[in-house]
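All remarks here apply to the structure that follows.
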Amino acid sequence: MKLAILIFVLFATFATSAFAHEVRPAYLELRQTGPETYDALWKVPGLGQDLRLGLYVELPVGCTNVTEPRASAINNAFTERWPVECAGGLGGGRIHIAGLSATMTDVLVRLERLDGATQVTRLTPSNPSFVVEAMPSRWRMAATYLRLGTDHILRGVDHLLFVLGLLLIVGNRWTLFKTITAFTAAHSITLAAATLGYASAPLPPLNAAIALSILFLGPEIVRVRRDETSLTIRYPWLVAFAFGLLHGFGFASGLKATGLPQTDIAWALLLFNVGVEIGQLFFVFLILAIARSFRTLEIRWPRWALALPGYTVGTLGAYWTIERTAILLGFIR
Amino acid sequence: MTHMKYQPTRARCGGIAAAIVLLCLDCPRAEAHLVTTGLGPVYDGIAHLALSPADLAVVVVLVLLAAMRGPRQSRWLLALLPTAWIVGGLGGLTFQITASLDWATGLSLLLAGALVAADLNLPLPVVATLAAIIGGFNGFSTGAALARTPHAALELLGILVALIVIVTLIAGVVVPLKAFWMRIAVRVLGSWVAATGLLMIGWSLRA
């Protein structure tokens, strides 16, 4: 496991430029209320108190706003609601998000028809528009949530760094299995609880606590290298479970930011979580394969390089902890 | 009972090489190096190699060449190829060019593929020099294409990560291969890559 050092160095380099939980997609909901009428809900992530992302909905030709949008700002997100009338309905029309190409965020679009059938689509900077299907596919909706979950963990550098820290602590395969399972179980619990509304955690202290969990692992990795022991080294699954609860709230922020309606929430939650697990397992197996290849290549790392993983995890954890605590206390915006 | 033996006939090799070259030349050059995953520039860079068959083939054949000579040459390749690629990439960002360099990529494939197929007992300095030149050149080509993107440096960083991972994983698989028929299989793969390079050269000269 020590031989994953090179990955660490690169990881550390770009981790500082990537802020975890930046996955705050915008959300567009179009709920059909009549043959040619829809209620539109447009939610855009806010940038501080008064600013918002410059994203604007362009509906197909033939659609007109029945009234002017009613705007409100809640929880650092700007929301607009307005009724729309589309001659002949939305089927076959193209919906475009202006300004999306210039951002790094996504837009989740949910279209609910009169018969209850829904079409869910994820728009990206490289694919900022889509054609409304005449008959929505349930598989497409499933794939969208699955992809959202996978993307969330792959973009969440702090989650991946925590998993990497755990991998560097565990000593054998059975412990690895228990540790990853404990982390999965724990974050699934809080992800479900937070998404279903049974529990909540405000984002700024949550982000600081997640950073603290990474900082916590740094010294433990150094202890493993020095052949010392601790509660974490003896029972890494225990620590994985405890901090996994925190990370689950973090995953939930990615799903809840979309403002998904209660009718789809269980289905969305399940698929989002499966997506998270796919991303997590991919990362774990990739690291294990790289470590195995390093052994095959008989690489002899210098002493300083062997010490690097622990210090890298600890340093990044400390950096994020300070930064997020400063945000929490209002020192930086 | 007779056993069917797989014979890499000229016709089969030609067909597979033609398929690879079509993949390599699938997209117009301007777009060939630009991949957008929606996950940010670092991931775009990581995805670059996987979605650029010509570059991927160059990396794979160089790893095969080094890994067939054992872990020592593989370790050198792991250090040299990503370094040369990134140095070349930075050069490409600085000195942008618009001319097509497909012929040179084809030449890289032809040369490295032929060496794998021949299975010559090349000394470390030769393999290292080859890796540095080919890596540097392909990096330059990549950098020149990335120069048009707003986060080119981060994409290069992603390419560096992908290179290290790909070289490590493939070398880790190929180095322990001791069976005679495995070595033959690797050499056959080298011949396909060489044929692909030849076709790429012909194609680019014709264009």
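Things worth noting here:
- Prolate/oblate/rounded call for region B:144-206, Cα gyration tensor, a/c under 1.5 rounded: oblate
- Folded to 0 to 90 degrees: helix A:5-15 orientation relative to chain A principal axis, Cα: 40 degrees
- Counting Cβ atoms of other protein chains within 10 Å of each residue's Cβ and taking the mean over peptide A:145-152 gives 1.
- For the peptide B:163-173, the mean number of other protein chain Cβ atoms found within 10 angstrom of a residue's Cβ is 5.
- Taking chymotrypsin sites (Phe, Trp or Tyr not before Pro) in DSSP loop conformation with at most 12 other Cβ atoms inside 10 Å as exposed sites, chain A has its longest uninterrupted site-free stretch at A:1-197.
- Mean Cβ neighbour count within 10 Å, used as a protection proxy, ranking A:190-197, B:81-88 highest first: B:81-88, A:190-197
- DSSP beta bridge pairing in chain A, given as percent antiparallel to the nearest 5: 85 percent
- Between the helical axis of A:173-195 and the longest alpha-carbon principal axis of chain A there is an angle of about 30 degrees.
- Relative contact order (%) - criterion: Cα under 8 Å, at least six apart; region: chain A: 22 percent
- From its DSSP helices (H runs of at least four residues, each -39,500 (n - 2.57)), chain A gives a residue-normalised ellipticity at 222 nm of -17500 deg cm²/dmol.
- Note: relative contact order over region A:26-137, using C-alpha pairs below 8 Å and six or more positions apart, is 29 percent.
- Applied to region A:274-281, the Karplus parametrisation 6.51 cos²θ - 1.76 cosθ + 1.60 on θ = phi - 60° returns per-residue 3J(HN,Hα) values of 4, x, 4, 5, 4, x, 5, 5 Hz, with x for Gly and Pro.
- Cα gyration tensor category, rounded, prolate or oblate, for region B:32-206 with a/c compared to 1.5: prolate
- Normalised alpha carbon radius of gyration of region A:26-137 [divisor 2.2 N^0.38 Å]: 1.03
- Nearest 10 degrees, 0 to 90: helix A:303-328 Cα axis against chain A principal axis: 40 degrees
- Largest first and in whole Å, the equivalent-ellipsoid semi-axes of chain A read 42, 20, 17, each the square root of five times a Cα gyration tensor eigenvalue.
- Net charge in the neighbourhood of B:Ser108 (other residues with Cβ under 13 Å of its Cβ; Lys, Arg +1, Asp, Glu -1) is -2.
- The relative contact order of region B:32-206, computed from alpha carbon pairs under 8 Å that lie at least 6 residues apart in sequence, is 40 percent.
Values in this text are rule-based calculations from the coordinates and carry no lab data. All values derive from a computational prediction rather than experimental measurement. Here Cβ is always computed from backbone atoms with ideal geometry, including for glycine, and neighbour counts include all displayed protein chains.
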